[in-house]
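Trainee: Right, I'll just put the structure down here and ask away after.
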Amino acid sequence: MKIIPELEKVIQIVLNKMEIGGGVNVSFEHPADSQHGDWSTNIALTLFKQQNKFSSPRALADSMSEEIKKSLPNFVSKVEVAGPGFINFYLSEHYLMSEMVVLLENRAQLKDQQNTGKKAIVEFSSPNIAKPFTIGHLRSSIIGWSLANLLEETGYEVFRDNHLGDWGTQFGKQIYALKHLGGGSLEKNIEKLSKSDNPVKDLVALYVEFHKVAEEKPEMEDEARAIFKKLEDGDDEMRQLWQKCIDWSFVEFNRIYDLLNISFTENNGRGYGESYFEDKMDVVVSELESKAKNTKGISYVTGNNGAKLVNFSEESKLPPLMILKSDGATLYATRDLATDKWRLSKYGSDILIINEVGAEQSLYFQQIYALEKALGWVKDGQRVHVGHGMYRFKEGKMSTRKGNVIWLEDVLNEAKSKAAGLASDKKVLSEEEIEKVAFGALKWSDLKRSARLDVAFDWDEIMTMQGNSGPYLQYTYVRCQSILNKAQNLDTTKYSDLLVNLKSYSRNTQRENLTPAEIDLLRNLSTYFEVVEKSAREYAPHHLATYLFGLAQTFNQFYGNTQVIGGAEEVEKFRLALVATTSLVLKRGLHLLGIEVVEKM
Ligand code: ARG
């Protein structure tokens, strides 16, 4: 049941009766201190100024609460006025348990949300060919994957796309280097790269060499430009070498995606990279030429060096966006526009399009979205940039040109060796389990706080069993499972006897019969779906992570002071149901974040 609309109805009826504040918006929040109930509204404080019957907000709140009590809905057990006039609602134990029934019956999956008809493209990861897969791309992969899961869970049909940086003038340099540098010939370079288990490293070395040599021989830059021109014109040799760069890069990318358990649905799993839109940019350019003259908010102009730009209206405060360089060459932006135009025609004009890309590209995406909106392609809210902050390393900022690179695979390997060291002595984890813990820890570190924030990379914080970490969450799940495994004759695949017991227990139990730890756990569980929906709606997986951490803490408190197995049968089964539901919610919630649980630790 959706609590907020129900509570809102209650308040509206009361206000109607009291003839105050007709049609006003009522908002609810969880009180910071759970001792103050489950939901709270400040409506009496907001309405106080609009009336003259009551002498204080508190008096108004008291009178409202008396009215509410006259016809208390069955999902509320108590109403109370607190502080200057907050009205606090306590949900009934019967309601809390009925929510637990829903969770248990649905294995913590939001089943009833399916087939809403809504569609979304979640574009994430988007590394660049012949360049290292950076920590930024890792963050994008992790956050984007989770966003896609959350949208799917709340009823979207989701297309997972990878907007590879596989086009641009740098391929002129890359191919030049392949042909002339590396201390050998083209044949030798190709042979070496084809055998290498990290061809991107070799490609980067060639690229770095290009820039070094070109400092002495600037004419190389012209040759590189000529090569790119040939590539654009479809020259066979250049096309083949370019394709090789892509395939070599995918040796590394696929290894990383496999480790992270991440995949894409579009273009046979490779995603539509920038090059796919090479022949789809003309239509955009002509649309700009024809439309922008009489489109509100933008103008399409020729700069004094001959480049083509979009200018935005003054009040938008956006800088101009370059569409074509002075030599007519297209840019990153031109390809993004072509990508979106094509997407809207392929997937439907209403599709939600999310770009998970570093926050440093925020201004750029504002320009793109403003332009797309001005051209009438999209409506407000249809284009979303989920930007992530940077990971800061002690080693400082990375630069491909200078070869100052932190290799992601080194980070992943280090995560694995640290994860292996976490398990208690008696337990030997399999390779697969170690990976789940290692990458779960890295993913959690990205998802536990708002994506926008910069993070100082800290192994001690990431790889620990205590506190807000992936291993702590996985360990809590293991705890749940070990209790369930101890319970004899428990059919954990169906949970049917737990459900039967839960339903009768809920009919026969008063709040006084429940321990504070049980109530806390019940309350926590009852908000799970609400949190999943909020995380999806706000494109913010960290809400879910924060919730799961709170749930794990509440569970561990419950575990610390509750004897689950061994009491009266109906109590034992009720407590087992609490454990089983917690375990299901942890597993499903972590899965939505892209983190898998382990059975031992
Ligand atoms: N390849 C780009 C980079 O590494 C990210 C692409 C993001 N997506 C987009 N539609 N522009 O910075």
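The values are calculated or read from the model by the stated rules, or taken from the named source; none is laboratory data. The structure displayed is predicted, hence computed values, not measured ones. Cβ placement follows ideal geometry from the backbone for every residue including glycine, while neighbour counts extend to all protein chains displayed. In case anyone asks, the SASA skips ligands and DNA or RNA and just uses the protein heavy atoms, side chains included. Shrake-Rupley method; radii C 1.70, N 1.55, O 1.52, S 1.80 Å.
Trainee: Failed condition for Ser362, given (1) within 14 Å of the ligand (Cβ to nearest atom); (2) crowded, with 18+ Cβ neighbours inside 10 Å; (3) at pLDDT 95 or above, with all others met?
Mentor: Of the numbered conditions (1) within 14 Å of the ligand (Cβ to nearest atom); (2) crowded, with 18+ Cβ neighbours inside 10 Å; (3) at pLDDT 95 or above, the odd one out for Ser362 is (2).
Trainee: While we're here: So Ser125 passes all but one of these: (1) polar (S, T, N, Q); (2) within 16 Å of the ligand (Cβ to nearest atom); (3) in a strand (DSSP E or B). Which condition number does it fail?
Mentor: Unmet condition: (3).
Trainee: Of the residues Asn189, Asn268, Asn254, Asn261, which is of a type outside the set (D, E, K, R) and touching a residue at least 40 places away in the same chain (Cβ under 8 Å)? Let's see the steps before the verdict.
Mentor: Numbers: Asn189 fails: touching a residue at least 40 places away in the same chain (Cβ under 8 Å); Asn268 fails: touching a residue at least 40 places away in the same chain (Cβ under 8 Å); Asn254 fails: touching a residue at least 40 places away in the same chain (Cβ under 8 Å).
Exactly one residue qualifies, and that residue is Asn261.
Trainee: Next up: Would you be able to say whether some residue in the stretch 18-28 is open to solvent by 50 Å² or more (accessible area, probe 1.4 Å) and not in a loop (DSSP other than H, G, I, E, B)? Break it down stepwise before answering.
Mentor: Applying the first criterion (open to solvent by 50 Å² or more (accessible area, probe 1.4 Å)) to the stretch 18-28 yields 19, 22-23, 25, 27.
Filter once more, so that each one left must be not in a loop (DSSP other than H, G, I, E, B): none.
So far as the stretch 18-28 goes, no, none of its residues is open to solvent by 50 Å² or more (accessible area, probe 1.4 Å) and not in a loop (DSSP other than H, G, I, E, B).
Trainee: Next question, about the same structure. Name the single residue, out of those in the stretch 135-164 being within 12 Å of the ligand (Cβ to nearest atom) and within 13 Å of the chain's Cα centre (by Cα), that is surrounded by the fewest Cβ atoms within 10 Å (Cβ to Cβ). Give the steps one after another, and end with the answer.
Mentor: Step one: of the stretch 135-164, the residues within 12 Å of the ligand (Cβ to nearest atom) are 135-141, 144, 161-164.
Keeping just the survivors that are within 13 Å of the chain's Cα centre (by Cα) gives 138-141, 144.
Details: Leu138: 23, Arg139: 26, Ser140: 27, Ser141: 25, Gly144: 29.
So the residue we want is Leu138.
Trainee: Based on this model, can you work out whether Glu67 counts as more than 16 Å from the ligand (Cβ to nearest atom), of a type outside the set (A, V, I, L, M, F, W, C) and either under 32 Å from the mean Cα position of the chain (by Cα) or surrounded by fewer than 19 Cβ atoms within 10 Å (Cβ to Cβ) (or both)? I'd like the intermediate steps shown before the answer.
Mentor: Values: more than 16 Å from the ligand (Cβ to nearest atom): yes; of a type outside the set (A, V, I, L, M, F, W, C): yes; either under 32 Å from the mean Cα position of the chain (by Cα) or surrounded by fewer than 19 Cβ atoms within 10 Å (Cβ to Cβ) (or both): yes.
Taking the combined requirement at face value, the residue satisfies it.
Trainee: If you don't mind, another one. Among (1) surrounded by 20 or more Cβ atoms within 10 Å (Cβ to Cβ); (2) more than 21 Å from Leu592 (Cα to Cα); (3) touching a residue at least 60 places away in the same chain (Cβ under 8 Å), where does Glu435 come up short?
Mentor: (2)
Trainee: Okay, next question. Which condition number in (1) without any contact (Cβ under 8 Å) to a residue 24 or more places away in the chain; (2) within 27 Å of the chain's Cα centre (by Cα); (3) closer than 23 Å to Glu99 by Cα is the one that Gln466 fails?
Mentor: (3)
Trainee: With Arg507, Arg523, Arg479 as the choices, which residue is among the basic types (Lys, Arg), in a helix (DSSP H, G or I) and more than 27 Å from Phe75 (Cα to Cα)?
Mentor: Numbers: Arg507 fails: more than 27 Å from Phe75 (Cα to Cα); Arg523 fails: more than 27 Å from Phe75 (Cα to Cα).
Of Arg507, Arg523, Arg479, the one residue that is among the basic types (Lys, Arg), in a helix (DSSP H, G or I) and more than 27 Å from Phe75 (Cα to Cα) is Arg479.
Trainee: Just one of Asp460, Asp520, Asp491 is more than 27 Å from the chain's Cα centre (by Cα) and surrounded by fewer than 18 Cβ atoms within 10 Å (Cβ to Cβ); which is it? Outline the logic, then answer.
Mentor: On the way: Asp460 fails: more than 27 Å from the chain's Cα centre (by Cα); Asp520 fails: surrounded by fewer than 18 Cβ atoms within 10 Å (Cβ to Cβ).
Just a single option satisfies the conditions, and that option is Asp491.
Trainee: Could you go through the stretch 359-375 and let me know if any residue there is in a loop (DSSP other than H, G, I, E, B) and under 23 Å from Trp167 (Cα atoms).
Mentor: Start the filter on the stretch 359-375 by keeping residues that are in a loop (DSSP other than H, G, I, E, B), which leaves 375.
Now narrow it down to the ones that are under 23 Å from Trp167 (Cα atoms): none.
No, the stretch 359-375 contains no residue that is in a loop (DSSP other than H, G, I, E, B) and under 23 Å from Trp167 (Cα atoms).
Trainee: Which residues, taken from the stretch 563-583, are surrounded by fewer than 17 Cβ atoms within 10 Å (Cβ to Cβ), in contact with a helix residue (DSSP H, G or I) (Cβ under 9 Å, 6 or more places away or on another chain) and not in a helix (DSSP H, G or I)?
Mentor: Gln563, Ile565, Gly566, Gly567, listed by residue number.
Trainee: Collect the residues in the stretch 304-352 that are part of a strand (DSSP E or B) and within 16 Å of the ligand (Cβ to nearest atom), keeping them in residue-number order.
Mentor: First, the residues of the stretch 304-352 that are part of a strand (DSSP E or B): 308-312, 321-324, 330, 352.
Once the filter is applied, which keeps residues that are part of a strand (DSSP E or B) and within 16 Å of the ligand (Cβ to nearest atom), the stretch 304-352 yields Leu321, Met322, Ile323, Thr330, Leu352.
Trainee: If the requirement is being modelled with pLDDT of 95 or more, more than 30 Å from Leu514 (Cβ to Cβ) and of a type in the set (Val, Ile, Thr), which of these qualifies: Ile121, Ile135? Talk me through it step by step, then tell me what you get.
Mentor: Details: Ile135 fails: modelled with pLDDT of 95 or more.
Going through Ile121, Ile135 in turn, just one is modelled with pLDDT of 95 or more, more than 30 Å from Leu514 (Cβ to Cβ) and of a type in the set (Val, Ile, Thr): Ile121.
Trainee: Continuing with this model, one more query. Please find, within the stretch 89-122, the residue that is nearest to the ligand (Cβ to nearest atom) out of those that are touching a helix residue (DSSP H, G or I) at 6+ places or on another chain (Cβ under 7 Å) and part of a loop (DSSP other than H, G, I, E, B).
Mentor: Leu110
Trainee: While we're on this one: Look at the stretch 257-297 and say how many of its residues are of a type in the set (A, V, I, L, M, F, W, C), more than 14 Å from the ligand (Cβ to nearest atom) and closer than 13 Å to Ser126 by Cβ.
Mentor: Summing the residues that are of a type in the set (A, V, I, L, M, F, W, C), more than 14 Å from the ligand (Cβ to nearest atom) and closer than 13 Å to Ser126 by Cβ in the stretch 257-297 gives 1.
Trainee: Given (1) part of a helix (DSSP H, G or I); (2) more than 16 Å from Ser125 (Cα to Cα); (3) open to solvent by 10 Å² or more (accessible area, probe 1.4 Å), identify the lone condition not met by Gly184.
Mentor: Result: Gly184 fails condition (1) only.
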